[in-house]
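The values are calculated or read from the model by the stated rules, or taken from the named source; none is laboratory data. A quick note: this is a predicted structure, and the numbers were derived from the prediction, not measured. Note that we place each Cβ from the backbone using ideal geometry, even for glycine, and neighbour counts take in every protein chain shown.
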C-alpha cells in the first residue's frame with residue numbers, strides 16, 4: 001500500500017473533501033423513506049437509545065437480517081451530530097466515499113491523474129451512485145467495501161508483478177473484506193475473491209494468485225470479522241443458522257421473497273441508470289479498445305470489466321432483485337465509461353456534449369432528491385414529530401396492523417411500541433414483509449415478543465388498564481376496532497391517523513366496571 005499512499009499528494013485531501021461535500025449536499029433535505037430507510041435508521045437509533053452496541057434490534061427484538069457495521073456508523077453519527085436524517089444515512093455516505101476515493105487513488109496510481117479525475121467525476125454524477133450514497137440502507141456501504149477490497153487486491157497484485165512492496169496493501173484488503181462482511185455478510189469477501197480470482201486467471205498470473213493467499217491476512221480477517229458472530233451465537237442460540245443459512249443461502253437460492261424479476265433486470269437497469277454517459281462508451285466493445293499496447297492500462301480495463309460482469313451475473317441468479325444490490329458494479333462501469341469516452345472527445349463540439357451529458361446525469365440525481373423533498377407521502381416524519389410533542393415517557397404507543405419503521409426515530413420514543421395484529425394467523429409468515437421481520441426477530445427473545453407483539457383481541461383489555469395511550473394506524477382499521485370511532489384524532493396524514501385514548505373512552509371499550517361493560 002506504500003506505493004499507493006505515496007501518490008496521495010496534497011491535492012488528494014481536497015479531492016476527498018469534495019467527494020464528501022458532493023455526496024452529502026442533499027442528504028439532509030428529505031425525510032427517511034419507508035420502509036428501508038426508516039428500518040435501518042431506527043435500528044441505529046435503538047442501539048444508541050439502549051446502549052447495546054452489539055445486538056441490532058427492531059422494536060427491541062434482535063434483528064439479524066444483516067450485520068451491525070451500518071448501525072455502528074449511523075448510531076455513532078447520531079450520537080455526535082444529533083437526531084438528523086443525514087446522521088441516519090451516515091453509513092451509506094461512508095461507503096460511497098470509500099468506494100469513490102479508493103477508485104480515484106487506484107486510477108491515479110496506475111493510469112495517471114487525468115484519467116483519475118475523469119473517472120471520479122463520471123462516478124459521482126451517476127444518479128444511482130449519488131442517490132445510493134444518501135439512502136439509508138446497507139447496499140452502498142457494502143458496495144464501498146467491495147470496491148475498496150477489489151482495488152486493494154488488484155493494487156497488491158500489480159505491485160507484486162512489478163517487483164514492488166505489496167504486503168501492506170494486501171493486509172488492508174483483508175481488513176476491508178472483513179468490514180464488507182460486517183456490512184452485509186458473505187458477499188463482502190465472496191465478490192472480491194471472485195472478481196480478482198477470475199481476473200488473475202484470465203491473465204494467467206498464477207504466482208500473483210498464490211501471493212494474494214495470505215495466512216496472516218486470513219488471521220487479520222478473522223480478528224476483525226469473527227468476534228461479533230461468535231458473541232451473537234453465544235448470546236442467541238440458532239443465530240448462525242438463521243444468519244447464514246436462512247438469510248444468505250436460502251434467500252439467494254429459494255423463492256418466496258419480494259421483488260421477483262427476470263435475469264436481464266440488472267443489465268437493463270445498469271444501462272438505463274447510466275444514461276446519457278453510457279452512450280459515449282460504445283468504444284468499450286470495440287476490438288481496438290482491448291488491443292492497447294499499454295499493458296497496465298489493458299490490465300486495469302480488464303479488471304473493471306470483470307467487476308461489472310461478475311457482480312451483475314452473481315446478483316442476476318436469484319429470483320429476488322432490488323436495484324441497490326447492483327451497486328458494487330457501478331464504480332467499474334463508471335471507470336469504463338470514463339475511459340472509453342476519452343477518444344470520442346476529439347473535437348470541441350464533442351467535448352461540449354460530453355460535459356452536457358455529465359451535467360444531465362448530475363441534474364437527474366439532484367432532481368430526484370428535490371422531487372422526494374417536495375412529495376413526502378413515503379414518510380411518517382410529520383406524525384412522528386407530532387407524537388414527540390404530545391407523548392409522555394410513561395404513555396404506551398400501539399401500532400395497529402402495521403409497523404411504521406420511522407415513527408420511533410422521529411418521535412425519539414424511549415420505550416418500545418406494541419404492535420397489534422392477528423399474530424396467530426399462519427398466513428402472516430408467507431411473504432417477505434414487516435410481519436415476518438418482527439416474528440423472526442421474536443424467536444430470539446420470546447418473552448419480550450409476547451409483550452410487544454399483541455393479538456388484536458387483547459388490545460381493549462390493555463387499554464382498559466387506565467392512563468393515556470397512543471394508537472397509530474390506517475383510518476380503515478376503525479371497522480375492526482369500533483371504539484376508535486369517537487376517539488380523539490390528534491394527527492392525520494397520508495391515510496394514517498394518530499389517536500389519543502384516555503379514561504373517557506373506557507365505556508366505549510366496555511371496560512370492566514364501566515357502564516355498558518356487561519358487569
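Overview of results
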quantity: Every residue from region 462-479 that is surrounded by 13 or more Cβ atoms within 10 Å (Cβ to Cβ) and in contact (Cβ under 8 Å) with a residue 24 or more places away in the chain; calculated: 462, 463, 464, 468, 469, 470, 471, 472, 473, 474, 477
quantity: Search result, residues across region 23-39 that are surrounded by fewer than 20 Cβ atoms within 10 Å (Cβ to Cβ), outside any loop (DSSP other than H, G, I, E, B) and within 13 Å of the chain's Cα centre (by Cα); calculated: 36
quantity: Whichever residue in region 63-73 is modelled with pLDDT of 95 or more and within 17 Å of residue 180 (Cβ to Cβ) and, among such residues, is nearest to the chain's Cα centre (by Cα); calculated: 70
quantity: Matching residues, region 287-321, being in contact with a helix residue (DSSP H, G or I) (Cβ under 8 Å, 6 or more places away or on another chain), in contact (Cβ under 8 Å) with a residue 12 or more places away in the chain and over 19 Å from residue 200 (Cβ atoms); calculated: 289, 312, 315, 316, 317, 318, 320, 321
quantity: Residue among 173, 136 that alone is over 25 Å from residue 271 (Cβ atoms), modelled with pLDDT of 95 or more and not in a helix (DSSP H, G or I); calculated: 136
quantity: Subset of region 372-423 (residues that are in contact with a strand residue (DSSP E or B) (Cβ under 7 Å, 6 or more places away or on another chain), closer than 17 Å to residue 441 by Cβ and assigned to a loop (DSSP other than H, G, I, E, B)); calculated: 402, 403, 404, 417, 423
quantity: Flag for residue 20 being in a helix (DSSP H, G or I), touching a strand residue (DSSP E or B) at 6+ places or on another chain (Cβ under 7 Å) and either at pLDDT 95 or above or crowded, with 24+ Cβ neighbours inside 10 Å (or both); calculated: no
quantity: Unmet requirement for residue 278, which otherwise passes all of (1) surrounded by fewer than 19 Cβ atoms within 10 Å (Cβ to Cβ); (2) in contact (Cβ under 8 Å) with a residue 40 or more places away in the chain; (3) over 21 Å from the mean Cα position of the chain (by Cα); calculated: (1)
